[in-house]
Amino acid sequence: MIGEVSIYGLYVPPLLLLTLAALVVSRLINLVLAKTGVYRIVWHPALFDFSLFVIVLGALTYYTRNWS
């Protein structure tokens, strides 16, 4: 992930775009987990949400690292 991505002439780092995508994906996963009742067995929901976001961001970064 070297360089920037041009969006209508505005250069943004790729990690920013991956972070926004990870926020959307982790929020969707949070909604599914909340509907299924998983949060009843989670000790610290905020910490769980943050770790889920980090895992999703790491996975997106790993799978998109070879794009040019």
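The values are calculated or read from the model by the stated rules, or taken from the named source; none is laboratory data. Computed from a predicted model, the values in this text were never measured in an experiment. Note: ideal-geometry Cβ built from the backbone for every residue, glycine included; neighbour counts use all protein chains shown. For the accessible areas, the whole protein counts, side chains as well, though only heavy atoms, and no ligand, DNA or RNA atoms are used. Shrake-Rupley method; radii C 1.70, N 1.55, O 1.52, S 1.80 Å.
Were the residues from Val5 through Phe50 laid out at 0.36 nm apart, the gain over their Cα-Cα distance would be 13.6 nm. For the chain, the solvent-accessible area of protein heavy atoms averages 81 Å² per residue (probe radius 1.4 Å; ligands and nucleic acids excluded). Relative to the longest principal Cα axis of the chain, at what angle does helix 14-36 sit, 0 to 90 degrees, rounded to 10? The two axes meet at around 20 degrees.
Taking the protein heavy atoms of the chain in the context of the full set of protein chains, the accessible area attributed to carbon and sulfur is 72 percent at 1.4 Å. Each stretch of four or more DSSP H residues adds -39500 (n - 2.57); spread over every residue of the chain, this sum gives -21500 deg cm²/dmol at 222 nm. Between Ile41, Ile29, Ile55, the Gaussian network model of the chain with springs among Cα atoms under 10 angstrom shows the greatest mean-square fluctuation at Ile41. Compared with the dominant principal axis of the Cα atoms in the chain, helix 45-63 is inclined by about 40°.
Rounded to two decimals, what is Rg over Rh for the chain when you use alpha-carbon atoms and the Kirkwood radius?
Checking Rg against Rh, the ratio lands at 1.10.
Simple spin-label estimate for Leu20 and Val42 gives 2.5 nm between the two label positions (7 Å along the Cα-to-Cβ direction from each Cα). Sequence-ordered 3J(HN,Hα) estimates for region 6-11 from the Karplus curve with 6.51, -1.76 and 1.60 and θ = phi - 60° stand at 8, 10, 6, x, 9, 8 Hz, glycine and proline given as x.
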